[in-house]
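Bear in mind these aren't lab numbers, they're just calculated from the coordinates by the rules spelled out. Computed from a predicted model, the values in this text were never measured in an experiment. We place every Cβ from the backbone using ideal geometry, glycine too, and count neighbours over all the protein chains shown.
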Amino acid sequence: MNIGNKIKTLRNKKALSQGELAEILHVSAQAVSKWESDTSFPDIIQLPAIASYFGITIDELFEYPLDLEYQRIETMVDNGLMVTNERFNHSEEFLLSEINKNPDNYQAVSTLADLYHFYACKLNEKAVHYASNALALKPDNKNDLCTLNNASNGYVADWNIGSHFKLIEKLSNLVTDNPKNERTKSFLVDNLIADHRYEEAEKILAESNLELKPFYEVWIKENKMGFMNTLEEYKMLVSNYHDNWKILCAVADRYAFNQEYENAIEMYERSFEIAPKPRYTDILACIAYLYRILGNKQKAIESYQRELQLLKEEWSITKGELVDEIKRNIEEL
C-alpha cells in the first residue's frame, strides 16, 4: 500500500511543490520528500490532516493492490454501504483508469456500471427525503411531487417517459447479436409485456425455451383477458410446477399486483421454502410489505426478522446499509 505515491499524485493534482505542501501540513520539505520516496512514512497523527486537505478519507490515502481495490468497491456496493462523494470519486477514478488501460477489462467495466447504479440509488433516496420535506412545507407542489414520484420509481403517465422502448431496443439488439442468451430474452419479454407489446413477446416465446415460458404465456393472457379470467390457469401453473420456485414466485407477484395478498403470501412462502440456498431477501421483503398492507404489524416484523436471520446465516452479513434498513423498518412498526 504505497502511501508515498498517493501523496505525490494528490500533490501534483493541486500543482503544489513539496515545499508548499510541507508548509500547509506544518512539516519540513524533507519530510514530504521522504514520504514520496518511501524512505519514511507520515506519523499516524498526521494522516487526518493529510486526508482532510486533499478531501479524501484516511483509507483512500493508501494504494491497494488491484484485487483488494476491486474487492473494496464491490463490498461497498453489495452491502449497500453509505458512500461519500469523495469515496465515490475515488472509486470512479480508479475504475476509469483501469478501463483506459484496457477497454476490454470486463471486471472494471461491470464494476463501474454497478457503482454508478448504486450511487444513483443513494442519490434517489436523498431526493425522496428532501422532496418529502419540501411537500411538507408546500403541499401539492407539482415539481416536488414529480421529484418524489420519479425518484421513487413511481408510475409515469407520459408514454415517452413511462414506456421502456429504449431499454427494449437495447435488449433486442443484444438478443439479435446473441440469440442463445436466454436470460437476456427473459428481460426483454418482461419489458415487452409491461409495455403491452404482446405479439413481439409471443414471437420470442415461440422461438425460445425459457424456464418461465409457461408463466409468461398465462401472464400475457391475463393482460388481454383480466386477472380473474386467468386465475384458474395460474392455479394450474402452481399445480404443474410445484417444484419450480421461480414460477411459484412469479405467480405470487401476479397475486400481489392483483390485491390477492393472502394468496400471494402463501405462494411466496412456498417459493421461499424450495428456493436454493443462499437465498435472496426479496421474497421475505415482499411478504413483509404485504403484511404491512394487511395491517398485520407483528407478522411484518417477524418477516423482517427472518430477513436479518437469512442475511446472517446464508450470507454472513450482520452489518451494513441493508441490515440497517431492515432494522429501521422494524423500528417504524
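Per-structure values
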{"read-out": "Under 21 Å from the Cα of residue 221 - lysines, other chains or at least 8 residues apart", "value": "185, 203, 213, 235, 246"}
{"read-out": "Out-of-range pairs (alpha-carbon distance over 24 Å; input 8/101; 6/101; 14/126)", "value": "14/126"}
{"read-out": "Dipole moment magnitude, nearest 20 debye, the range 3-61 about Cα centre, only Lys, Arg, Asp, Glu C-beta charged", "value": "180 debye"}
{"read-out": "In sequence order, calculated HN-Hα J values of the range 17-26 (Karplus, 6.51, -1.76, 1.60; Hz; x Gly/Pro)", "value": "7, 4, x, 5, 5, 4, 5, 5, 8, 6"}
{"read-out": "Candidate aspartates and glutamates for bridging to residue 122, where Cα separation is under 16 Å - those fewer than 8 sequence places away on the same chain excluded", "value": "74, 78, 86, 92, 114, 321, 324, 325"}
{"read-out": "All-pairs Cα distance distribution in the chain, expressed in whole percent, bin size 10 Å", "value": "5, 16, 24, 25, 15, 9, 5, 1, 0"}
{"read-out": "Using alpha carbons only: equivalent-ellipsoid semi-axes of the range 82-183, gyration tensor based, whole Å", "value": "32, 24, 8"}
{"read-out": "Those lysines that a straight Cα-Cα span of less than 22 Å connects to residue 299, excepting residues fewer than 8 apart in one chain", "value": "312, 327"}
{"read-out": "For the chain, size of Cβ-based charge dipole, Lys and Arg +1, Asp and Glu -1, in debye", "value": "360 debye"}
{"read-out": "Ratio Rg/Rh, restricted to the range 3-61 and using Cα atoms, in which Rh is the Kirkwood radius", "value": "0.90"}
{"read-out": "Two-site label geometry, residue 321 and residue 149: point separation in nm, points 7 Å out along Cα→Cβ", "value": "2.6 nm"}
{"read-out": "HN-Hα J in Hz across the range 137-152 - Karplus 6.51, -1.76, 1.60, θ = phi - 60°, x for Gly and Pro", "value": "7, 9, x, 6, 6, 4, 4, 5, 5, 5, 4, 4, 5, 5, 5, 9"}
{"read-out": "Options 139, 178, 220, ranked by Cα towards positive dipole end of the range 115-229, top entry (Cβ charges)", "value": "139"}
{"read-out": "For the range 1-79 versus the range 157-210, the gap between their alpha-carbon centres in whole angstrom", "value": "48 Å"}
{"read-out": "Only Lys, Arg (+1) and Asp, Glu (-1) charged, at Cβ; the range 66-154 dipole about Cα centre in debye", "value": "460 debye"}
{"read-out": "Backbone N within the range 294-328 under 18 Å of label point (7 Å from residue 129 Cα along the Cβ vector)", "value": "320-328"}
{"read-out": "Dipole axis of the chain (+1 Lys, Arg; -1 Asp, Glu on Cβ), positive-most option in 230, 54, 275", "value": "54"}
{"read-out": "Separation in nanometres of the label points that stand 7 Å from Cα toward Cβ, at residue 206 and residue 274", "value": "3.1 nm"}
{"read-out": "Pairwise Cα inverse-distance average, inverted: Kirkwood Rh of the range 1-118 (Å)", "value": "15.3 Å"}
{"read-out": "Distance-filtered residues of the range 2-25 - backbone nitrogen under 20 Å, label point 7 angstrom along residue 43 Cα→Cβ", "value": "3-4, 7, 19-25"}
{"read-out": "Computed helical MRE - 222 nm, the chain, DSSP H runs ≥ 4 contributing -39500 (n - 2.57), nearest 500", "value": "-22500 deg cm²/dmol"}
{"read-out": "Potential lengthening between residue 262 and residue 181 on full extension [0.36 nm per residue; Cα-Cα distance subtracted]", "value": "25.6 nm"}
{"read-out": "Label-point separation, residue 99 to residue 86 (7 Å along Cα→Cβ), nm", "value": "2.5 nm"}
{"read-out": "Kirkwood-based shape ratio for the range 155-210, expressed as Rg/Rh from alpha carbons", "value": "0.99"}
{"read-out": "Residue-span extension gain [residue 224 to residue 117] - 0.36 nm each, minus C-alpha spacing", "value": "35.1 nm"}
{"read-out": "Coordinate range along principal axes, alpha carbons of the range 255-333, Å, largest first", "value": "34, 31, 17"}
